[in-house]
1. Give the Cα extents of region 5-450 along the principal axes, in whole Å, largest first.
2. Mind ranking 9-21, 388-400, 71-83 by how tightly packed they are, going by the mean number of other C-beta atoms within 10 angstrom, highest first?
3. Give me, ordered by chain and number, the residues 5 or more places off Ile310 or on other chains with an amide H under 5 Å from its own placed amide H.
4. Could you sort 445-453, 51-59 so that the peptide with the highest average Cβ count within 10 Å comes first and the rest follow in order?
5. Which entries of Lys317/Lys450; Lys133/Lys446; Lys70/Lys133; Lys133/Lys317; Lys133/Lys450 have Cα-Cα distances beyond 23 Å here?
6. At q = 0.19, 0.22 Å⁻¹, what log₁₀ I(q)/I(0) does a Debye calculation on the Cα points of region 1-104 give, no solvent, two decimals?
7. Hydropathy first: keep DSSP H helices in the chain averaging at least -1.0 on Kyte-Doolittle, then drop any whose Cα extent along the axis falls short of 18 Å, and list what survives.
8. How do the peptides 111-118, 346-353 rank, highest first, by the average count of neighbouring beta carbon atoms within 10 Å per residue?
Amino acid sequence: MNRSNKNITYVFTCALVAALGGFLFGFDTAVISGTLNDLQQVFSLGDFSLGFTVAIALIGTIIGAMSLGKPADIYGRRNMLFLLAILYLVSAIGSALAWNWTSFLVFRFIGGIGVGGASVISPMYIAEISPAKYRGRFVALTQFNIVLGILAAFLSNYIINIVDLSLNNWRIMLGIEAIPAAFFFVFLFYVPRSPRWLIANQHFGHAEHVLARLGTHSQDIDQEIQTIVQSIDPVHHSISERFFQRRYAFPISLAIAIAMFNQLSGINAILYYAPYIFKLAGAGDDTALLQSVAIGAVNLIVTMAAMLVIDLIGRRKLMLIGSAGYIISLAVITWAFFYYGMHFTDTGDTILLVALFLFIASHAFGQGAVIWVFISEIFPNRIRARGQSLGSFTHWFMAALISWTFPIIAQASGGYAFAFYAFMMVLQLFWVIFIMPETKGIPLEKIQKKLGIE
């Protein structure tokens, strides 16, 4: 496939803008970790209430993931990205100015809707504008931006804590998200609508113009449009056809499985509660936040490495490597919590930190790099938005469940929680070996044929 550098540069730029939704996704997800102590004091929260305060945003992501896929089919991917930018902006400003616990929950819930929507729409949009040869790397820009947002949140939390504005620390930590949200909104004016959405809605002239700028797989725009029309198959299928049917059983099961395993690794529990985990192991506030920054840096570096090879070695190999790393690191973390209990020594703290680094690296190289790419690829054009919504809904439902229950279980012993996560990753390894198909380098319209979809 020969594409001009101009086409590829334009696609990359559009993908990067759409992936800013991922940056805000990551920032919003991780920023809460640095505010937990202040929130407990300001709003007088117990362990259960603290878990609910963290989980409320995740409940929002469930709503966002469930509800924004169909509007993306009706109003278009780009219009929904504009809506996400507005939700992030409202959430950031509102959370920073919250006057009581209830108002805080409302604004965090709104931000959660934005995160859930971003997990559906950003990777779907990028997949639909990207050439097959580069699709893995371009969709993985969403994950890169997610981990960049996580690192930015950890770093800004650490800096704000060092400056120390007393009870205002948590407000600044949450409010600073308004800046990238505003940039996201402005940059969206410079990206086109998805050509596949345009064709599905019979805007063929506009689609032809967009494809001319993006480039096509065959270098023949008319042929590309015809291929997309055939994959949508409007004679036998419509945008309103039933989603849960035997024809789509395999991709549905794949999306649910990879999304469940993603959260059953315990990744969101660690990202949300990283300083909390380090404090359980005896670290002070500043040290716990700094160690969280280090975890964010490892996440970013390894994600960059995964992006370089995802279109070369494929999705399955990344998942195999990541699964092995998960199992080893979680086993060590489990042992450390059972062995040291609540009395970690310097040696124990080092072991825990190294194991958490390995865990984050394993996630970034495997599940983190693959999940949004894989889910965006396995569904036909005509149901991709709903398939992406299902995968995202499953992901965020499990994230809410894990994050809400973690502090309660961890108070008894962190070992029980991490032992469960380790067992789940053994099951993931078997799933990857025996069930997960490879999708690298295959045009979207051909993947559905590989999966046996008419």
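Just so it is clear, none of the values below were taken in a lab; they were calculated from the coordinates. The structure displayed is predicted, hence computed values, not measured ones. All Cβ positions, even for glycine, are placed from backbone atoms using ideal geometry, and neighbour counts span all protein chains on display.
1. Its Cα atoms span 67, 47, 40 Å along the three principal axes.
2. Answer by packing, highest mean first, reads 388-400, 9-21, 71-83.
3. The list, which skips near neighbours in sequence, is empty: none.
4. Taking the mean over residues of other Cβ atoms within 10 Å, the ranking is 51-59, 445-453.
5. Result: Lys70/Lys133 exceed 23 Å.
6. Scattering profile of region 1-104, log10 relative to I(0): -1.05, -1.24.
7. The answer, listed by residue number, is 5-18, 47-67, 77-96, 101-129, 135-163, 249-264, 285-309, 315-340, 346-365, 384-412, 414-434.
8. 111-118, 346-353
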